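The values are calculated or read from the model by the stated rules, or taken from the named source; none is laboratory data. These numbers were taken from a predicted model, which means no experiment stands behind them. All Cβ positions, even for glycine, are placed from backbone atoms using ideal geometry, and neighbour counts span all protein chains on display.
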There are 2 protein chains.
Amino acid sequence: MPETRDPLSAFYSVIPAGGIGSRLWPLSRADAPKFLHDLTGTGSSLLRTTWDRLVPLSGEQRIMVVTGRAHRAAVEKELPDLADRNVVLESEPKDSSAAIGLAAAILARREPDVIVGSFAADHVIGDQRAFKRAVVEAVAAADAGYISTIGITPSEPAIGFGYIHCGPPLAIEGAPSALAVDSFVEKPDLETAERYVASGDYLWNGGMFISRADVLLDQLGETNPVLREGIDRLADAWDTPERGAVVDQVWPTLPKIAIDYTVAEPAAAAGRLAVIPGYFDWDDVGDFAALAKLHSSGRKSDLAILGENARVLADASSGVVVSQSGRLISLIGVNDIVVVDTPDALLVTTSANAQRVKSVVDALKVSGRDDVL
Amino acid sequence: MPETRDPLSAFYSVIPAGGIGSRLWPLSRADAPKFLHDLTGTGSSLLRTTWDRLVPLSGEQRIMVVTGRAHRAAVEKELPDLADRNVVLESEPKDSSAAIGLAAAILARREPDVIVGSFAADHVIGDQRAFKRAVVEAVAAADAGYISTIGITPSEPAIGFGYIHCGPPLAIEGAPSALAVDSFVEKPDLETAERYVASGDYLWNGGMFISRADVLLDQLGETNPVLREGIDRLADAWDTPERGAVVDQVWPTLPKIAIDYTVAEPAAAAGRLAVIPGYFDWDDVGDFAALAKLHSSGRKSDLAILGENARVLADASSGVVVSQSGRLISLIGVNDIVVVDTPDALLVTTSANAQRVKSVVDALKVSGRDDVL
């Protein structure tokens, strides 16, 4: 009888820490992206919380962070135990396929049978033990050759998330709850979302992908050979003196595309995708409505207040206040309000308009007001 | 035939510049009261605009300002032509009867047949010529022995103002439009206000009183002998070396009461009051709803922006923004909103809640946060 290894011993966590979180402007900025903020009121940034969640799974020596050059110092400050060899710096943003694909390719060259799992730097997860249980199953499914993902059991018919349409059970050893994935579906309208949730066949797509590195790269190469070739050139040079020159040459040529399109959807279509249902609270805190909800425990009448030393005087008001300026903030008779008070920019909107914040950021870009972006 | 004098030659303007304007917090503060602000966007403070409106009537040597000691420097900066002898400083606020009564008593000692007219430092008046015409008639009525007031012809059934119920014409020489005053009525409800305006018998009480100083003081003394006595002691000492000592002794003992109760209402009841209808736009700009209305020309969809160097980016929003901080202010999908952004305090409310701003100020007082009051 051959010796069996614990698949988890081959597991490596990857944290793509890229997006600014434009819908959380003016809290999130180019130089202070969402993942560097404490949105949960715990005193830890989302990045740090993500790290802390992954350490029990892969150990702190096996967590790689892919981030922009501008954020290197901030990331290293948040994660003092992050190893130098586990920092991958992007010269410019190239979306998730490049970030995760390159991490997988670098790790595969260092450790051919590595299993990589990618977890966004700026999501909020409630029950850490339930998360761990799901990842352990996902790693087992990856070890069996699947590209696996963790789907979150919906707590409501959310219209801000994508959904995973689940297929039949897969009967994978070590992953008893793994299901086939029928398809990924984009953010639905409310009626569709209600139908999804009522059916019990749909999970939220949390954007977590766990796979053997070679399997992930084969899938990516099948869908986008140009990207695969660029990633391979970068990875071949990565741990050599050529890295800088090759990055300068290749990085600008990388196609900019989300991993959903290069890996998740094609793998689902080919029957190579497994989903592990995750039984934990999860949120991508994509906008201020989500932030308000996160802090209100779902009660509409609550006023959530974020920010150290926040001084808020509220009368008959609900919603969320983010205070970064230290000023006294008074609210009178405003409901579902969103007030974000920073030293150089103020936002006043409502939860219902939270998605439109990005359009302000776009308008500021167009008008060249980069000083507040 | 006796020589007839022009009553206007005896006219002296008095500007009580006292109230902070708590319902305009955090724009109005103890150290920056409403009358020192440019609420009209003309570049002049309300006090300066009041001065400029009175100069053509009484001349700049005949305008007296009654204000708090703390505001002396700011008032003199706004009104460089204000004569020293025309500055009356209050050691503490004692409401309008003391302020106007003392001014009248000081002026009566200097000039026994003086006619005084008191005009609030923080009101907005549209048509200056129509204002002047009304004051000229009011001065003529005062010269004939009446206590006269100017009532503003209502442009709408406002519930934020008091009303004057007019009686029959008085046929006073030089004041052809003067009417008797039946009574003063407090701020009505909307239904009552609509009835008032429809009847044509009611005018808004703009709080302007014009009278011979001795007539005013007699009326005041009849109603409140204690106050009259205090005022007389102060006025007797005012232009002497004893002023300081007498002020220290008497000022704290002055009853605190509005001139409406000591002069206007009792004079009306006694048939001594004449009202001149004023055909001009008028507003006391008592709260942010009034401020928004002043700048929106009545259109509900407008967003009024006040403040030098205001940087506002608004999408589908209406109401009023007061910017004093220089920060970028973004509004998305908020209607009838009131945003007042100052360096140390921010207010977010709605026009409908504008009257409740005072309660915030009261709460701040109670909690000892005088730093932002």
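Worth a mention:
- Filter pass, B:Ala120 being closer than 27 Å to B:Ser177 by Cα, within 17 Å of the chain's Cα centre (by Cα), in a helix (DSSP H, G or I) and not acidic (Asp, Glu): no
- Among residues of the range B:132-156, those that are of a type outside the set (Gly, Ala, Ser) and at pLDDT below 95, counted: 1
- Screening A:Ala142 on (1) in contact with a strand residue (DSSP E or B) (Cβ under 6 Å, 6 or more places away or on another chain); (2) under 25 Å from A:Leu24 (Cβ atoms); (3) buried (at least 24 other Cβ atoms within 10 Å of the Cβ) shows it passes everything except condition (2).
- Output for the range A:238-294, where each listed residue is in a helix (DSSP H, G or I) and of a type in the set (Ser, Thr, Tyr): A:Thr253, A:Tyr261, A:Thr262
- Hey, B:Leu216 at pLDDT below 95 and surrounded by 22 or more Cβ atoms within 10 Å (Cβ to Cβ) or not: no
- Residue satisfying all of: in the range A:317-332; touching a Ser or Thr at 6+ places or on another chain (Cβ under 7 Å) and without any contact (Cβ under 8 Å) to a residue 40 or more places away in the chain; farthest from the other protein chains (Cβ to nearest Cβ) among these: A:Ser318
- When the strands (runs of 3 or more DSSP E) confined to the range B:308-373 are screened for residues that are over 25 Å from the mean Cα position of the chain (by Cα), those reaching at least 2 such residues are found at B:311-315, B:328-332, B:337-341, B:345-350.
- Filter result for A:Leu303 (at pLDDT 90 or above and either more than 10 Å from every other protein chain (Cβ to nearest Cβ) or at positive phi (or both)): yes
- The listed residue being surrounded by fewer than 22 Cβ atoms within 10 Å (Cβ to Cβ) and within 30 Å of B:His295 (Cα to Cα), out of B:Ala108, B:Ala121, B:Ala73: B:Ala73
- When every residue of the range A:156-167 is checked against the conditions, none turns out to be within 22 Å of the chain's Cα centre (by Cα) and assigned to a helix (DSSP H, G or I).
- Looking at B:Leu227, B:Leu203, B:Leu216, just one residue is over 29 Å from B:Pro154 (Cβ atoms) and under 22 Å from the mean Cα position of the chain (by Cα), and that residue is B:Leu227.
- Test result for A:Ser296, more than 22 Å from A:Leu46 (Cα to Cα), more than 12 Å from every other protein chain (Cβ to nearest Cβ) and touching a strand residue (DSSP E or B) at 6+ places or on another chain (Cβ under 6 Å): no
- Some residue of the range A:220-236 being modelled with pLDDT of 95 or more, farther than 22 Å from A:Lys256 by Cβ and either touching a Phe, Trp or Tyr at 6+ places or on another chain (Cβ under 7 Å) or surrounded by fewer than 22 Cβ atoms within 10 Å (Cβ to Cβ) (or both): no
- Among the candidates B:Ala314, B:Ala345, B:Ala354, B:Ala310, residue that is more than 7 Å from every other protein chain (Cβ to nearest Cβ), buried (at least 21 other Cβ atoms within 10 Å of the Cβ) and on the phi < 0 side of the Ramachandran plot: B:Ala354
- If you go through the range A:1-50 and keep only what is touching an Asp or Glu at 6+ places or on another chain (Cβ under 7 Å) and polar (S, T, N, Q), you end up with A:Ser44, A:Ser45.
- Just one residue in the set A:Val14, A:Val55 is closer than 24 Å to A:Ala142 by Cβ, in the same structural domain as A:Val226 (by TED's automatic domain parsing), of a type in the set (A, V, I, L, M, F, W, C) and surrounded by fewer than 17 Cβ atoms within 10 Å (Cβ to Cβ); that residue is A:Val55.
- Cross-chain or 6+ apart pairs with Cβ under 6 Å, the range B:351-373 first and more than 20 Å from B:Pro33 (Cβ to Cβ), then among the aliphatic types (A, V, I, L, M) and in a helix (DSSP H, G or I): B:Ser351/B:Ala289; B:Ser351/B:Ala292
- Among (1) out of contact with any helix residue (DSSP H, G or I) (no Cβ under 8 Å at 6 or more places or on another chain); (2) more than 20 Å from A:Arg23 (Cβ to Cβ); (3) outside any loop (DSSP other than H, G, I, E, B), the one test that B:Ser301 misses: (3)
- Exclusive hit being among the aromatic types (Phe, Trp, Tyr), farther than 25 Å from A:Ser351 by Cα and at pLDDT 90 or above, set A:Phe11, A:Phe35: A:Phe11
- Given (1) modelled with pLDDT under 95; (2) within 22 Å of B:Gly206 (Cβ to Cβ), index of the condition B:Ser97 fails: (1)
- For the residues A:Leu203, A:Leu190, A:Leu170, the requirement of being more than 21 Å from A:Val14 (Cβ to Cβ), crowded, with 23+ Cβ neighbours inside 10 Å and of a type in the set (A, V, I, L, M, F, W, C) singles out A:Leu203.
- Any hit, the range B:177-185, residues being under 17 Å from B:Asp284 (Cα atoms), crowded, with 21+ Cβ neighbours inside 10 Å and either out of contact with any His (no Cβ under 7 Å at 6 or more places or on another chain) or small (Gly, Ala, Ser) (or both): no
- The set of residues in the range B:271-285 being of a type in the set (Gly, Ala, Ser) and buried (at least 21 other Cβ atoms within 10 Å of the Cβ) consists of B:Ala274, B:Gly278.
- Residues that are outside any helix (DSSP H, G or I) and over 16 Å from A:Thr240 (Cα atoms), drawn from the range A:86-110: A:Glu90, A:Ser91, A:Glu92, A:Pro93, A:Lys94
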